[in-house]
Amino acid sequence: QVQLVESGGGLVQAGGSLRLSCVVSGTIFRLIPMGWFRQAPGKQHEVVATITSGGSTNYPDSVKGRFTVSRDNAKNTVYLQMNTLRPEDTAVYYCNSPFSPYPWGQGTQVTVSS
């Protein structure tokens, strides 16, 4: 059974930074692409970063240059470094495999105050 456990969210002022972590268990982590997603109230899941098993990354324009995804295969962990946060980044953030999603974890709340 694959488990995804996100952490690192919190309340931060606009312009601040946060680093999210997601520990993955129950699968061969180093072989799977991973992504970070977010869901704001009343909105659908939105992908904010992806990283392949080889470390190639991709971002939508809304976060490009501000967010950085990375992975540590030895720790079965994927990270999301978020800089220059904006109020519109407020959401619950989740990690998952972008192409074959596992059961979603509980997510971690990020709140950016103006």
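Using equal-weight Cα scatterers in the Debye expression, the normalised intensity of the chain in log10 at q = 0.16, 0.23, 0.24 Å⁻¹ is -0.65, -1.35, -1.46. First obtain the Kirkwood hydrodynamic radius of segment 1-66 from its Cα pairs, then insert it into the Stokes-Einstein equation at 25 °C and 0.890 mPa s, and state the resulting D in µm² per second as a whole number. Once the numbers are plugged in, D ends up at 179 µm²/s. Expressed as a whole percent, the accessible area of the chain that falls on carbon and sulfur atoms is 50 (1.4 Å probe). Residues in the chain average 52 Å² of solvent-accessible surface per residue, probe 1.4 Å, ligands and nucleic acids excluded.
Each of GLN44 and SER62 was given a label point 7 Å from its Cα along the Cα-to-Cβ line. The distance between the two points is 1.2 nm.
Note on LYS75 and TRP104: the extension gain reaches 8.5 nm, defined as 0.36 nm multiplied by sequence separation minus the Cα-Cα distance.
The values are calculated or read from the model by the stated rules, or taken from the named source; none is laboratory data. This is a predicted model, so every value here is computed, not measured. Note: ideal-geometry Cβ built from the backbone for every residue, glycine included; neighbour counts use all protein chains shown. Note: accessible area is taken over every heavy atom of the protein model, side chains too, but ligands, DNA and RNA are not part of it. Shrake-Rupley method; radii C 1.70, N 1.55, O 1.52, S 1.80 Å.
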